[in-house]
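Chemist: Before I ask anything, here is the structure I am working with.
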Amino acid sequence: MACIALCLSPLVSPAIALLMGLIIAQCTGHPYLHLNHKATHILLQFSVVGLGFGMNVHSALQAGKEGILFTVASISCTLISGYLMGKWLGIEKKTSYLISAGTAICGGSAIAAISPVIKAEEKQISVALGCVFILNSVALFIFPVIGHHLHLSQSQFGLWCAIAIHDTSSVVGAASKYGPHALEVATTVKLARALWIIPVAFLSTFIFNNKSKKISVPYFIGLFVLAMITNTYIHAVAGISHYMVAAAKAGLTLTLFLIGAGLSRQVLAAVGLKPMIQAIVLWIAISGSALYAVMHLA
């Protein structure tokens with residue numbers, strides 16, 4: 001409880017919260033591990049909607065336009081590369097596909113949405129989630145360092161981390177550390193990217209010949225857009241929006257703590273070498289190509 005209280009205070013940054021969670025996972029373990037995934041999923045959605053109250057529709061639309069071409073290209077290339085690499089390494093097809101989809105779109109959310117569509121087993125889902133969350137943890141620490149070293153603008157950094165970091169929680173954590181405009185660009189582009197869960201899930205039903213499963217639509221993105229519109233056009237809301245944004249950032253910090261606390265030794269050990277190699281190579285490829293694109297093409 002003390003750690004949760006710390007995460008909800010302004011004393012702990014997202015990176016430190018994640019580190020605290022990792023330490024607890026290795027030393028004492030998470031007492032409510034079976035509830036962790038659901039808790040982080042709900043908390044992340046509420047927090048992202050809260051961030052919408054700190055954003056302007058017009059600048060968000062501009063950020064979305066900048067990111068759409070990169071989004072389409074990176075998702076397509078990652079899914080194709082992941083398929084070929086999984087085949088080459090001899091990784092089980094569904095595990096490889098979930099890792100590729102998580103890397104291509106939005107990490108754990110994409111894996112959670114696509115796994116029932118392809119009838120993935122618990123072990124396959126756990127391996128894919130483990131790969132994604134381990135690399136998310138690394139990204140949260142190293143991306144701001146690389147961004148400052150390369151003198152990326154806030155717009156460039158926000159676009160880069162939205163494309164190259166898997167999960168929305170780590171994207172927001174890294175971008176908020178870099179600056180307010182980086183956060184705005186990163187959140188908008190990442191949530192626009194998350195909508196690609198829907199067409200990819202439909203594609204998955206044909207790839208795995210399963211047309212009976214419902215596809216999970218990320219409805220909270222609509223609430224995020226509504227929050228942005230409200231903040232932009234209703235002055236009474238704009239006057240109190242900074243309280244909502246502060247609460248949302250605290251919620252995201254707590255989300256990262258819970259994600260770290262869920263990475264127990266058992267989770268890390270269950271990932272396996274070949275799936276981790278696939279995840280790392282795909283992540284380095286998308287990170288490197290996205291970095292080049294935002295520095296030279298954006």
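Chemist: Where is the GNM fluctuation largest for the chain (alpha-carbon springs, 10 angstrom cutoff): 207, 91, 277?
Modeler: 207
Chemist: Moving to a separate point now. With only alpha-carbon pairs counted, each pair once and no self-pairs, how large is the Kirkwood hydrodynamic radius of region 46-174 in angstroms? If you can, show how the numbers build up before the last one.
Modeler: Details: mean 1/r = 0.0634 Å⁻¹.
After inverting the pairwise mean of 1/r, the radius is 15.8 Å.
Chemist: Tell me, what HN-Hα J-couplings in whole Hz come from the Karplus equation 6.51 cos²θ - 1.76 cosθ + 1.60 at θ = phi - 60° for each residue of region 163-175, using x for Gly and Pro?
Modeler: Listing the rounded values in order: 7, 9, 9, 5, 8, 4, 4, 6, 4, 5, x, 5, 5 Hz.
Chemist: Add -39500 (n - 2.57) for each DSSP H run of 4 or more in the chain, then divide by its residues: what number comes out at 222 nm, to the nearest 500 deg cm²/dmol?
Modeler: Working: 16 runs with 238 residues, N = 298.
Dividing the helical sum by the residues of the chain leaves -26000 deg cm²/dmol.
Chemist: Given the options 152, 51, 140, which has the most mean-square fluctuation in a GNM of the chain, springs set between C-alpha atoms less than 10 angstrom apart?
Modeler: With Cα springs under 10 Å in the chain, the top fluctuation among 152, 51, 140 is at 152.
Chemist: When the accessible area of the chain is split by element with a 1.4 Å probe, what percent falls to carbon and sulfur?
Modeler: 71 percent
Chemist: Same structure again: Quick one: compute the contact order of the chain, relative version, from alpha carbon pairs under 8 angstrom and 6+ residues apart, as a percent.
Modeler: It comes to 38 percent, rounded to a whole number.
Chemist: Provide the per-residue ³J(HN,Hα) series for region 90-99, in order, calculated from phi with Karplus coefficients 6.51, -1.76, 1.60 and θ = phi - 60°, each as a whole number of Hz, with x at glycine and proline positions.
Modeler: x, 7, 3, 4, 5, 4, 4, 5, 5, 4
Chemist: For region 148-277, what does the convex hull of the Cα positions come to per residue, in cubic angstrom? Intermediate values should be presented prior to the final figure.
Modeler: Numbers: hull volume 21.6 nm³, N = 130.
Dividing the Cα hull volume of region 148-277 by its residues yields 166 Å³.
Chemist: Hey, could you grab the Kirkwood Rh for the chain? Inverse mean 1/r over distinct alpha carbon pairs, Å, one decimal.
Modeler: On the way: mean 1/r = 0.0524 Å⁻¹.
Result for the chain stands at 19.1 Å.
Chemist: Another question about this same structure. Give a quick list of trypsin sites (Lys or Arg not before Pro) in region 80-132 that DSSP marks as loop, anything other than H, G, I, E or B, with at most 13 other Cβ atoms within 10 Å.
Modeler: 119
Chemist: In Å², what does the accessible area per residue of the chain work out to with a 1.4 Å probe? Before the final figure, lay out the partial values.
Modeler: Details: 13740 Å² over 298 residues.
For the chain, the per-residue accessible area is 46 Å².
The values are calculated or read from the model by the stated rules, or taken from the named source; none is laboratory data. These numbers come from a predicted model, not from an experiment. FYI the Cβ positions are ideal-geometry reconstructions off the backbone, even for glycines, and counts take in every protein chain you see. We work out accessible area using only protein heavy atoms, side chains counted, and drop any ligands, DNA or RNA first. Shrake-Rupley method; radii C 1.70, N 1.55, O 1.52, S 1.80 Å.
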